[in-house]
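Visitor: Sharing a structure with you now.
The values are calculated or read from the model by the stated rules, or taken from the named source; none is laboratory data. These figures come from a predicted structure and were not determined experimentally. Every residue, glycine as well, gets a Cβ built from its backbone with ideal geometry; the counts of neighbours run over all protein chains shown. Accessible surface is based on the protein model in full, side chains and every heavy atom, while ligands, DNA and RNA are left aside. Shrake-Rupley method; radii C 1.70, N 1.55, O 1.52, S 1.80 Å.
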Amino acid sequence: MCLPLIDEFGAVAVEIERANPESPWTGFLASLFFTCSVAEGETIEQAMRRAVQPAIVKYRLNDENLEIHGDPERRGFASLRFRKLEVDDYVLFRVVAERGGQETRAPTSVARADFTPREETDIIARVHLRFPAANLNTAMDRCLPIAESIGASVIQVVSSRPAGLPEEFCEVALLSATPAIDGEAAEPGLRRVATKLAGQLGLDPDVFEIRGTGGVLIGAIENSGAEQPVEALYVRVDDDPLYQD
């Protein structure tokens, strides 16, 4: 559904997440991110207004309904006010412009693959992948089968083109939630989930290690340079492993 829109809007990042069963949404939520540089002599507010124009034109929205929240020169943002819009096989419900970028390696919430409510004992897994010489659509094509195989509920993909390098690459994060087994302690649970995912992803389960102490334990399997896209796997009880308490 969102792959054609990636090219149409020139997106540099995409996030797809399974809807929280306790939210008013069903199915999957997809967010596309594209950049708009601030032109010389242009204010941040003017750049924000220009940034949302492609969406206004495509969906025939009213640019007079653009609202500025706070100070755009600081942490303010712009949002377009409109009713939910059904388009083909998806619903458009939000258009926002703000300063900054989208980073895959930032914590997020994760739903279960079967859409059942989460429990505090669920084990959250985060898988990091890297696809060299790949644009956003290519990276999506490559990571979707992997995401499906491990029951990922969140897919985050960011395209990058480092200075001095001719080709872009993509970083991917896949997140999933696995219910705990009754009576299972945290460390055995982390090892169980990591070992299963390692087998699916071609990682070595023998390099699994526990990091942290007390109530915050994180299991990790990191790829030591093998020729495969998976860079690392992290697991934690209840929270995204990157979440900082």
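Visitor: Between 24, 132, 229, where does the largest GNM mean-square fluctuation fall for the chain, given springs only between Cα atoms within less than 10 Å?
Guide: Checking each option, the largest mean-square fluctuation is seen for 24.
Visitor: For the chain, what does the helix formula give at 222 nm: sum of -39500 (n - 2.57) over DSSP H segments with n ≥ 4, over the residue count, nearest 500 deg cm²/dmol? Don't skip to the answer; put the middle values down first.
Guide: Details: 5 runs with 53 residues, N = 245.
Helix-only estimate at 222 nm: -6500 deg cm²/dmol.
Visitor: Moving on. Can you tell me the length gained on complete extension of the stretch residue 210 to residue 7, counting 0.36 nm per residue apart and subtracting the Cα distance? Please list the in-between numbers first.
Guide: Working: separation 203, 0.36 × 203 = 73.08 nm, distance 4.10 nm.
So the extension gain works out to 69.0 nm.
Visitor: Over the chain, with the other protein chains present, what is the accessible area per residue in square angstrom, probe 1.4 angstrom?
Guide: Numbers: 13930 Å² over 245 residues.
For the chain, the solvent-accessible area averages 57 Å² per residue.
Visitor: Could I ask something else about it? Once you place label points 7 Å from the Cα toward the Cβ at residue 39 and residue 148, how far apart are they in nm?
Guide: Result for the modelled spin labels: 4.3 nm.
Visitor: Spin-label point model (7 Å from Cα, Cβ direction): what's the residue 232 to residue 81 distance in nm?
Guide: 4.4
Visitor: Ignoring any ligand, DNA or RNA, what whole percent of the accessible area of segment 1-107 comes from carbon and sulfur when the probe is 1.4 angstrom?
Guide: Values: 3290 of 7180 Å².
Answer for segment 1-107 is 46 percent, counting heavy atoms of protein chains only.
Visitor: Which ³J(HN,Hα) values in Hz, rounded to whole numbers, follow from the phi angles of segment 85-97 under the Karplus curve 6.51 cos²θ - 1.76 cosθ + 1.60, where θ = phi - 60° and Gly and Pro get x?
Guide: 10, 7, 10, 6, 10, 9, 10, 8, 10, 7, 9, 9, 10
Visitor: Hey, another quick one. Just flag the trypsin sites (Lys or Arg not before Pro) in segment 10-91 sitting in loop per DSSP whose Cβ has no more than 10 other Cβ atoms within 10 Å. Provide the component values of the computation, followed by the final result.
Guide: Values: sites: 18, 49, 50, 58, 60, 74, 75, 81, 83, 84; in loops: 60, 74, 75, 81, 83, 84.
Hits after loop and neighbour filter: 60, 74, 83, 84.
Visitor: I would also like to ask the following. Taking H as built 1.01 Å from N, whose amide H comes closer than 5 Å to the amide H of residue 123, not counting residues under 5 places away?
Guide: When sequence neighbours closer than 5 places are left aside, the close amide H contacts are 178, 180, 238.
Visitor: Amide H to amide H, which residues 5 or more places from residue 34 or on other chains are under 5 Å from it, using H placed in the peptide plane?
Guide: 12
Visitor: How large a share of the accessible area of segment 112-191, in percent, is made up of carbon and sulfur atoms when the probe is 1.4 Å and the other protein chains stay in place? Write down the numbers at each step before the final one.
Guide: On the way: 1930 of 3670 Å².
The computed percentage sits at 53.
Visitor: Explain nothing, just compute: Karplus ³J(HN,Hα) = 6.51 cos²θ - 1.76 cosθ + 1.60, θ = phi - 60°, for every residue of segment 176-186 in order, whole Hz, x for Gly and Pro.
Guide: Using θ = phi - 60°, the values come out as 9, 10, 10, x, 6, 8, 3, x, 7, 6, 4 Hz.
Visitor: What number comes out for the charge environment of residue 222, summing +1 per Lys or Arg and -1 per Asp or Glu over other residues with Cβ under 9 Å away? The partial results should precede the final answer.
Guide: On the way: positive: none; negative: 209, 231.
Within the 9 Å Cβ shell, the charges total -2.
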